[in-house]
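The values are calculated or read from the model by the stated rules, or taken from the named source; none is laboratory data. Given the structure is predicted, the values throughout are model-derived calculations rather than measurements. Positions of Cβ are generated from backbone atoms using ideal geometry, with glycine treated the same way; all protein chains shown enter the neighbour counts. Accessible surface areas use protein heavy atoms only, side chains included; no ligands, DNA or RNA. Shrake-Rupley method; radii C 1.70, N 1.55, O 1.52, S 1.80 Å.
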Amino acid sequence: MMGKRISIKEKRKEAPEWVFNWRRSGNATFSLSKWIALLLVTGIFALLLSVVQIRVHSPTIWAASKATVIYTAATPEGRILTLRAREEGPFPSRFLPSQWEGAAALEQEFLGAARWMPPPYMPTLRDLPKPAAPRLQLAARGEPVLPKRLPTVSAAPMPEKLQLVPVISPLSGITSDELPAYLPPIADPVNATMIAATWRFLLRLDAAGRVRDCVSLAGGDEAGPSSIEAWLRRLTFKSEPTNPSRWIAVGVGFANQPTADGTDPD
């Protein structure tokens with residue numbers, strides 16, 4: 001059999017004391033406190049609604065990291081596009097006169113037209129001042145005087161004898177790594193004219209790196225250029241089998257170096 005059905009109203013009446021009855025009627029104190037709580041919560045909510053501001057920002061759209069590469073062929077149209085990219089790009093190229101291959105020859109033409117030659121540097125030698133003699137000191141009364149031990153004087157080493165040898169430097173069409181590793185001695189003695197001037201030459205090399213033609217950019221018929229030209233024709237540069245004829249520009253100077261056996265080669 002099914003039990004007797006109990007209504008909700010009876011369950012509320014038989015509920016224990018610790019269960020709060022929300023629908024309790026006839027209690028004016030409870031109704032007043034409930035209204036006070038409702039007004040307090042409503043006031044706090046209205047205050048927060050008017051004071052607190054929530055800002056919603058739209059998300060930032062990031063640009064994708066990508067680039068475009070244009071390959072131009074070795075055609076007239078490709079060279080025109082490359083030239084426009086260099087001139088109209090963010091980093092335009094500049095023409096530097098010092099990097100022009102004909103700058104060295106043009107400079108020599110200007111110097112030749114002015115007929116100016118640097119004067120030879122002749123240093124003036126002066127005698128070293130003689131050291132002053134040490135002053136004699138008197139001994140104190142009552143103190144013994146002991147002789148001082150003189151240091152042993154050894155003979156000064158003989159200075160190495162030096163000789164002027166030619167050295168070359170790259171100017172155009174060649175780098176420092178491509179210069180000859182061995183430089184033979186020059187046949188003629190080095191004179192003051194060869195030391196004072198700055199020599200520059202155009203050399204035509206064959207595929208094996210041997211000098212076929214030698215043209216002086218300084219001009220003149222002095223003994224210096226002819227001796228240096230004969231010395232340059234004995235040099236052997238780095239070979240290029242695929243290039244049977246190429247022109248380079250080098251500078252020639254002179255530097256002091258000790259002789260091989262410490263004696264004068266003459």
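Take the residues in region 59-69 that are open to solvent by 100 Å² or more (accessible area, probe 1.4 Å) and within 30 Å of the chain's Cα centre (by Cα); name whichever of them is nearest to Leu202 (Cα to Cα). That would be Val69.
Residues that are within 16 Å of Trp199 (Cα to Cα) and either part of a loop (DSSP other than H, G, I, E, B) or open to solvent by 80 Å² or more (accessible area, probe 1.4 Å) (or both) within region 105-126 comprise Glu107, Glu109, Phe110, Arg115, Trp116, Met117, Pro118, Pro119, Pro120, listed in sequence order. Residues that are within 20 Å of Thr259 (Cα to Cα), of a type outside the set (A, V, I, L, M), without any contact (Cβ under 8 Å) to a residue 24 or more places away in the chain and exposed (fewer than 15 other Cβ atoms within 10 Å of the Cβ): does region 187-208 have at least one? No - not one qualifying residue is present in region 187-208. Looking at Val56, is it among the β-branched types (Val, Ile, Thr), loosely packed, with under 10 Cβ neighbours inside 10 Å and more than 50 Å from the chain's Cα centre (by Cα)? No, not satisfied. Taking the conditions exactly as written (open to solvent by 100 Å² or more (accessible area, probe 1.4 Å), of a type outside the set (A, V, I, L, M, F, W, C) and more than 32 Å from the chain's Cα centre (by Cα)), does Arg84 satisfy them or not? When the stated conditions are applied, Arg84 does not pass them. Within the span defined as region 127-142, every residue fails to be in a helix (DSSP H, G or I) and among the acidic types (Asp, Glu). Consider region 76-103 and keep the residues that are part of a helix (DSSP H, G or I) and small (Gly, Ala, Ser). The one that is modelled with the highest pLDDT is Gly78.
Here Thr72 meets each of (1) of a type outside the set (A, V, I, L, M, F, W, C); (2) in a loop (DSSP other than H, G, I, E, B); (3) loosely packed, with under 10 Cβ neighbours inside 10 Å with one exception, condition (3).
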